[in-house]
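Read-outs: derived from the displayed coordinates by stated rules, not from any lab. Just so it is clear, the structure is predicted and the values come from calculations on it, not from any experiment. Cβ atoms come from the backbone with ideal geometry, glycine included; neighbour counts cover every protein chain shown.
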Amino acid sequence: MKQKTQMFPFEVPIEEVLKDHDRFVDSIFSCLASEFLVMPKGEGFVDYLEH
């Protein structure tokens, strides 16, 4: 059985996005990440204490 891959809204016709917009919103949100979280923590990195 062929595995279905996650499609992004820009990869399909607009009609398909409009039929099932929640699926495409989820596909975008699943890829979002904060650049701060993936920054390297080098020697000059200041790590603040949480209150």
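Numbers at a glance
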{"item": "Estimated Rh, the chain: Kirkwood, alpha-carbon pairs, angstrom", "result": "14.4"}
{"item": "Value at 222 nm in deg cm²/dmol, rounded to 500, when DSSP H runs of n ≥ 4 in the chain each add -39,500 (n - 2.57)", "result": "-7500 deg cm²/dmol"}
{"item": "Fully extended contour minus Cα-Cα distance, from ASP22 to GLU50, at 0.36 nm per residue", "result": "6.6 nm"}
{"item": "Packing-based order for 25-35, 6-16, 40-50, using average beta carbon neighbours within 10 Å, highest first", "result": "6-16, 25-35, 40-50"}
{"item": "Karplus-derived 3J(HN,Hα), 6.51/-1.76/1.60, for each residue of the range 7-24, Hz, glycine and proline x", "result": "9, 9, x, 7, 9, 10, x, 4, 4, 5, 5, 5, 6, 9, 5, 4, 4, 6"}
